[in-house]
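Reviewing the structure listed below.
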Amino acid sequence: FDVDMTTPGASHWSAELVPDQDHFPINNVASTTVNVRGRPRVLVLHRKPQVLRALSRMLEEQEMTIEVRGQYGLPETLEEIAGFDAIVLADMPATSLTVRQMQMLKRYVTDLGGGLLMTGSENSFGLGGYYKTPVEDVLPLVSRFEKEKDKPSLAMVLVIDKSGSMDGMPIELARQAAKAAVELLSPRDSIAVVGFDHEAQVICEMTSAADRESVQAAIDSLIASGGTYMYPAMVVAKEMLEATPAKIRHMICLSDGMTQPADHESLAEELADAGITVSTVALGEADKQLLASIAEIGHGRYYETNDPANVPQIFTKETMEATKSAIKEDLYGCVQTGDHPILAGYTDAELPFTLGYVMTEAKPTAQLLLAVETGDPLLAIGRYGLGTGMAYTSDLTDKWGGEWLAWDGCGKFWAQAIRGVLRNNSVDGMQVTARSDADQWHFDVRRTADDGQPLNGLRWDAVALHESGQEQSLEVREVGLGRFEASVPIDGRERITVRLRDADHDKTSVQHFNRPYPTEYRLAQFTPPALAALPPLDRATIVTEIAPHVIRHSVAEYAYFGALVCLVASVLLRRV
């Protein structure tokens, strides 16, 4: 049968045969990775995919293949991610991604030459919890910014579980999360930290966020031990917040266990009546129902995760939410601030207004292309490793991008912008032949110039990416005119992706390895002549000249059975 490959890019295929009878099921499945050239394939992630229908339609008209998925639609393996030429995070909080997925996105850009675009929303940049994450590393804009002077000051208390169950990685990540929250506050804000086990412990009194070093030093003293009783810590935090004159007063409670019984809901009502908001984070085996109830009564937000590594992203997202100063909504014009091929053919007057954006700062290495009238970044681009990162601080939905969607040139402009970050799949002049044996995966590479002449003395950047996330540098050896060799140990791995890059000419080839089943089970292979020449099996010769062997069996059981039958028959005959 035939299968049409309608999706461009690298895709993983498996075939399985299920016979009625099979003595060797190990050789029933075979896998391979197929690279298909075609229209650019772009993955767009949004919490509400339906709001992107208009944009995806426009891009499809521009000869692009757009696949829109929900917030949990990012593939779990680097090989699947590599099947896309660009990835767009449209309304995607960092809390919906695992740390491993964010690391894979970074490697997708830096090692595989992919393109990553993030657009603005309430779940993007700092608001989405991307501060100091691997994703932010490959974006041209950073989440942190200086809060405007006319914004109200914030007083925040972090109430952190430090019971024995938090020992090890959880308490370390809680300390990291608290420090990240401090960094996102402005000097006009203040913060305090209260830890709790079976009792409350003030880790840091209410302190100005300008004194960042002393606050972070106090956070380092947070050590896990004891039981779990959150109520007293919330009372202490309430007293601290009631004593501060800040306009915005907020509390974040983190717990990973079942706290001792207390009237937490009534306390949350008192906090709400006092104008203090409460958000909660349930980690692992925490009392999720209680924490969700506290957040609802306290007019805050509830977060739930089983992975301690997500805690820093939750804290940074919540801190940005609490400051209420990362979003600006109004009618803003676009100002061109840089020259780049993706802006070719457009001028300031042609570009539509935007109705809102997320405040960010440009990295020193980024190229700022568009800004709003206030001077804040709107569109920026940057090169990271082999790939490209782009950031657009407004969005492309009806919320902030209504003017853009109504513009006749919207589809053409954004198709041109996305093409500016697409992975370069050109491997003209590079021929790679891969072969494998029991221990190694070998590559024979031929490099030629446009006129067919061999290229020598090249600088190579070769990396093997294993399915476990491990990265291994490879040595590429020159063995002849325009000929090079490399190899990577297989070491029992099921899948390996290798990137071979000619750094002098920016030519990259990506190869995929899928382990076949063992050779001894390849029953349909060509039969060697030596085996084919052997005489066929003659069953009669097996017993030739073998003396017969007599085995005696006792007949006692048959005699007993016969006697029993005779007894029953005699009884019946007598009665008759």
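The values are calculated or read from the model by the stated rules, or taken from the named source; none is laboratory data. What you see is a predicted model, and the numbers here were worked out from it, not measured in a lab. FYI the Cβ positions are ideal-geometry reconstructions off the backbone, even for glycines, and counts take in every protein chain you see. For accessibility, only protein heavy atoms count, side chains too; no ligands or nucleic acids. Shrake-Rupley method; radii C 1.70, N 1.55, O 1.52, S 1.80 Å.
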Subject >> Calculated on alpha-carbon atoms, Rg and Dmax of the range 21-178 in Å >> reply: 20.3, 77
Original post:
If amide H atoms are built 1.01 Å from N in the plane of the peptide, which residues on other chains or at least 5 residues away come under 5 Å of the amide H of V68?
Top reply: V44
Original post:
For the range 94-185, what is one quarter of the convex hull surface built on the Cα atoms, given in nm²?
Top reply: 7.6 nm²
Original post:
Counting only Cα, what are the radius of gyration and maximum Cα-Cα distance Dmax of the range 183-288, in Å?
Top reply: 13.9, 38
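Quick check: convex hull of the Cα atoms in the range 327-477, volume per residue, rounded to a whole Å³?
Residue-normalised Cα hull volume stands at 193 Å³.
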**OP:** Rounded to the nearest 10 degrees, what's the angle between the helix 99-110 long axis and the longest principal axis of the chain, both from Cα atoms, 0 to 90?
**Re:** 90 degrees
Original post:
With labels modelled as points extended 7 Å from the Cα through the Cβ direction, what inter-label distance (nm, one decimal) is found for D4 paired with D307?
Top reply: 3.7 nm
Original post:
When every alpha-carbon pair in the range 48-139 is counted, what percent end up more than 22 Å apart?
Top reply: 25 percent
**OP:** Arrange the peptides 276-284, 563-571 so that the one whose residues have, on average, the most other Cβ atoms within 10 Å appears first.
**Re:** 276-284, 563-571
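For every other residue with a beta carbon closer than 15 angstrom to the beta carbon of A200, add +1 if it is Lys or Arg and -1 if Asp or Glu, then tell me the sum.
-3
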Subject >> Approximate spin-label separation D504-D211, in nm, with each point projected 7 Å along Cα-to-Cβ >> reply: 6.1 nm
**OP:** Using label points projected 7 Å from each Cα along Cα→Cβ, tell me how many nm separate D167 and N28, to one decimal.
**Re:** 4.7 nm
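Roughly how many Å² is the accessible area per residue of the range 223-339, as a whole number, for a 1.4 Å probe?
41 Å²
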Original post:
What order do L534, L89 take when sorted by accessible area (1.4 Å probe), most exposed first?
Top reply: L534, L89
Subject >> Sparsely packed trypsin sites (Lys or Arg not before Pro) within the range 444-484, loop by DSSP, other Cβ within 10 Å at most 12 >> reply: R459
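Please give me the summed charge of the neighbours of R435: other residues whose Cβ is under 12 Å from its Cβ, Lys and Arg +1, Asp and Glu -1.
-3
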Original post:
Size of the dipole of the chain about the Cα centre, Lys and Arg at +1 and Asp and Glu at -1 on the beta carbon, nothing else charged, in debye to 20?
Top reply: 1180 debye
Subject >> Calculated log₁₀ intensity ratio I(q)/I(0) where the Debye formula runs over C-alpha points of the range 255-341, q = 0.10, 0.12, 0.15 Å⁻¹ >> reply: -0.39, -0.50, -0.66
**OP:** Please quote Rg/Rh for the range 362-433 to two decimal places, taking the Kirkwood radius as Rh and restricting both calculations to Cα atoms.
**Re:** 1.09
**OP:** Pop the C-beta distance of N514 and V571 into the FRET formula with R0 = 60 Å and round what comes out to the nearest 0.05.
**Re:** 0.20
Subject >> Partners for K328 among lysines (Cα-Cα distance below 30 Å; same-chain residues under 8 apart left out) >> reply: K48, K106, K132, K147, K149, K151, K179, K247, K317, K363, K399, K412
**OP:** Report, to the nearest whole %, how much of the accessible area of the chain belongs to carbon and sulfur atoms, 1.4 Å probe, protein only.
**Re:** 51 percent
Subject >> Within the range 158-250: Cβ-based charge dipole about Cα centre, in debye rounded to nearest 20 (Lys, Arg +1; Asp, Glu -1) >> reply: 320 debye
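Kindly report the accessible area of the range 3-103 per residue (heavy atoms of protein chains, probe 1.4 Å, no ligands, DNA or RNA), in Å².
Details: 5370 Å² over 101 residues.
That works out to 53 Å² per residue.
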Original post:
For a label point 7 angstrom out from the Cα of S293 toward its Cβ, which stretches of the range 216-233 have the backbone nitrogen within less than 19 Å?
Top reply: 228-233
**OP:** Show that you can apply the helix-only estimate: for the chain, add -39,500 (n - 2.57) for every DSSP H stretch of four or more residues, divide by all residues, and state [θ] at 222 nm to the nearest 500.
**Re:** -7000 deg cm²/dmol
Subject >> q = 0.07, 0.08 Å⁻¹, the chain: log10 I(q)/I(0) [Debye, one scatterer per Cα] >> reply: -0.57, -0.69
